[in-house]
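Enquirer: Sharing a structure, written as structure tokens. Questions coming.
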Amino acid sequence: MNKENGIKMKYAALMLGLICVTACGTTMKLAVPEKFKEQATMQHVHGSRGNKMSFADITTSKIKRGVHVKYPGWGQSFFLENLLWNRVGIAKSEVVEKEKAGFRYALTNGKTTVQVFAAEKQVIKTHDFEMPNSPTIFKSFEILQNYEYIFSAFISADTTKSVTWELVMTNLYDRAKEGDNNPFTFIKQADNGLATNGTDTIIIKPLSIKKTELANGKTGQLPFKLLSGYELSMDGGVIAIIDLIDQNVWFYNELTPEEKLNVSAITTALFARKVHDTKW
């Protein structure tokens, strides 16, 4: 199947939204609650799009990356089913795409250094339909069947009293298990996760925006929600907000230096991803 001529269903809505943003001259902003702003301090993450980051008293070493690979997997055969599809000029196939990457770096606040080791994996499975004799311009299309994204990172400090934190982010979809009959389902950007040291746990939730500011100052609506950041909470209270749009992080003012360092490690790890690239 000619993938370049296929209709990319899983990205169609996203591309429509981005075209609207560009054409309408919109300004995308993450809305940080005013109450949290009053109790927090914002820091801009310099170098979030590169291989070295810094903000406030936090700096990272150069991010060392492993091989970033994307390769096909084994797809299911539809030989018998295609005997019927071929009668109406349609060929069905299953396409599996796999992608993985890894990286490591050190992060310090000038007193304590932590090592971050991370890996991410993505698997996309689609059913592709090709209609070479179709009189329309759309000669192929695909329907998302399964999506699996897993990101994990180990955060280990160089002090004897510190314990290792593990960060895990996931985004999973299974059409059959969810009983989804919508052929236009696409991959949602929002992934959820947590970081834990076995005793304490930080919950990580995605933040999305649907309303946006137009060039004329009025408020407009996007076709769907776009991932704009993450909210980090512990024991029911918000301790940090990561702004993916403007590459900022808001720290709750009552965090200890150790807690702030852990949040900084989580923030830089999320910005450093390549398979699930959340940088605007």
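Enquirer: Would you mind working out the magnitude of the charge dipole of region 26-272 relative to its Cα centre, with +1 at each Lys and Arg C-beta and -1 at each Asp and Glu C-beta, to the nearest 20 Debye? Kindly include the intermediate steps, with their values, before the conclusion.
Expert: Values: 28 positive and 27 negative charges, 127 e Å.
Dipole of region 26-272, to the nearest 20 debye: 620 debye.
Enquirer: Here's another thing I want to ask about it. Using a probe of 1.4 angstrom, how much of the accessible area of region 26-272 is carbon and sulfur, in percent? Could the numbers behind the result be given before it?
Expert: On the way: 7240 of 13360 Å².
Percent of accessible area from carbon and sulfur atoms in region 26-272: 54.
Enquirer: Looking at region 242-280, which GluC sites (Glu not before Pro) are in a loop (DSSP not H, G, I, E or B) and have at most 11 other Cβ atoms within 10 Å?
Expert: Details: sites: E254, E258, E259; in loops: E254.
Within region 242-280, the qualifying GluC sites (Glu not before Pro) (loop, at most 11 other Cβ atoms within 10 Å) are E254.
Enquirer: In region 111-184, which trypsin sites (Lys or Arg not before Pro) fall in coil by DSSP and have 10 or fewer other Cβ atoms within 10 Å? Don't skip to the answer; put the middle values down first.
Expert: Details: sites: K111, K121, K125, K139, K161, R175, K177; in loops: K111, K139, K161.
Counting only loop positions with at most 10 other Cβ atoms within 10 Å, the trypsin sites (Lys or Arg not before Pro) in region 111-184 are K111, K161.
Enquirer: Do any trypsin sites (Lys or Arg not before Pro) in region 59-99 lie in a DSSP loop with no more than 14 other beta carbon atoms within 10 Å, and if so, which? Walk me through the intermediate numbers first.
Expert: Working: sites: K62, K64, R65, K70, R87, K92, K98; in loops: K62.
Passing both the DSSP loop test and the Cβ count: K62.
Enquirer: Mind running the shape call on region 28-74? Use the C-alpha gyration tensor, a ≥ b ≥ c as the square roots of the eigenvalues: rounded below 1.5 for a/c, prolate if a/b tops b/c, oblate otherwise. All intermediate terms of the calculation are to be shown ahead of the outcome.
Expert: Working: a/c = 3.93, a/b = 1.73, b/c = 2.27.
Note, shape of region 28-74 comes out oblate.
Enquirer: For the pairs K121/K177; K64/K121; K52/K98, note any where the Cα-Cα span goes beyond 25 Å.
Expert: Details: K121/K177 21 Å; K64/K121 17 Å; K52/K98 27 Å.
Those over the limit are K52/K98.
Enquirer: Taking only the alpha-carbon atoms of region 26-272, what semi-axes of the equivalent ellipsoid follow from 5 times the gyration tensor eigenvalues under a square root, in whole Å, largest first? Could the numbers behind the result be given before it?
Expert: On the way: eigenvalues 326, 108, 50 Å².
Each semi-axis is √(5λ); the values are 40, 23, 16 Å.
The values are calculated or read from the model by the stated rules, or taken from the named source; none is laboratory data. What you see is a predicted model; the values in this text were computed from it and never measured. Note that we place each Cβ from the backbone using ideal geometry, even for glycine, and neighbour counts take in every protein chain shown. We work out accessible area using only protein heavy atoms, side chains counted, and drop any ligands, DNA or RNA first. Shrake-Rupley method; radii C 1.70, N 1.55, O 1.52, S 1.80 Å.
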